[in-house]
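Heads up, the thing below is written out as structure tokens.
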Amino acid sequence: AKRKAEVSSPAFFKKGRKAVEDATEGSNGQTFLKLADGDSFEIVSVGGLEELLTFDQHAFWLDGGNSPIFPCLQTKDCPGCMLNDDPRFKAILPVLVKTDAGQEERLVVLGKQAVKQLSEAEDAVGESLHGHILRYAPKGTNLNTRYTVIPTGRKYSNTPSIEDFGLQPEEHAGPSDREEIIKILKEAKLWK
């Protein structure tokens, strides 16, 4: 079995049930699973709340694409905060999806409401959601999209461990180096 090297994560990434509770109180080779309004998908969770990566994210949505999206550095010189953008809570869940080509690894980006649903689902089943088949569905479009994540009551027996999963969420959350973020913001004409 392949084994991933330990990745040192910046301090603004958080994992585990406590991070989720603190934050939620009150197909074609893509890395991220994307669905249109009205679609739904069954996904297999390759982790539970303990493996869920949570962070605050800055996003500057531009017409025409190449929108700068990156984690909040949680420092007074964070470029997103310096541009007066309020970061939003995000979580990345590693999942398996069935496609025409077979089973593929993907990442799902979730907001507070969907993560709260995951937390409630994990409480209801009384164990980690690792290997549980979930129904994942978006409602709305663009920035008004909300996702629901509901357990189906079924499990998938061949779910890999998070260590054997090929996509590491930290590597796909956006740049976390201040200078790299500034470069991207300059290219988007958002930083002088």
Filter segment 165-192 down to residues that are in a helix (DSSP H, G or I) and at pLDDT below 90 and give me whichever is surrounded by the fewest Cβ atoms within 10 Å (Cβ to Cβ). 171
Within segment 54-72, track down each residue that is modelled with pLDDT of 90 or more and either assigned to a loop (DSSP other than H, G, I, E, B) or touching a Ser or Thr at 6+ places or on another chain (Cβ under 8 Å) (or both). 59, 60, 68, 70, 71, 72
Conditions (1) part of a loop (DSSP other than H, G, I, E, B); (2) farther than 24 Å from residue 50 by Cβ; number of the one not met by residue 80: (1)
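Residue check: is residue 154 surrounded by fewer than 17 Cβ atoms within 10 Å (Cβ to Cβ) and modelled with pLDDT of 90 or more?
Yes.
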If the Cβ limit is 7 Å and pairs must be 6+ apart or interchain, which residue in segment 173-188 that is among the hydroxyl-bearing types (Ser, Thr, Tyr) pairs with which residue that is modelled with pLDDT under 95 and open to solvent by 20 Å² or more (accessible area, probe 1.4 Å)? 176/10
Here the residues within segment 147-192 that are among the aliphatic types (A, V, I, L, M) and more than 15 Å from the chain's Cα centre (by Cα) are 150, 181, 182, 184, 185, 188, 190
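The values are calculated or read from the model by the stated rules, or taken from the named source; none is laboratory data. Every value quoted in this text rests on a predicted model; they were computed, and no experiment measured them. Every residue, glycine among them, receives a Cβ derived from its backbone with ideal geometry; neighbour counts consider all protein chains shown. The area values use the complete protein model at the heavy-atom level, side chains included, leaving out ligands, DNA and RNA. Shrake-Rupley method; radii C 1.70, N 1.55, O 1.52, S 1.80 Å.
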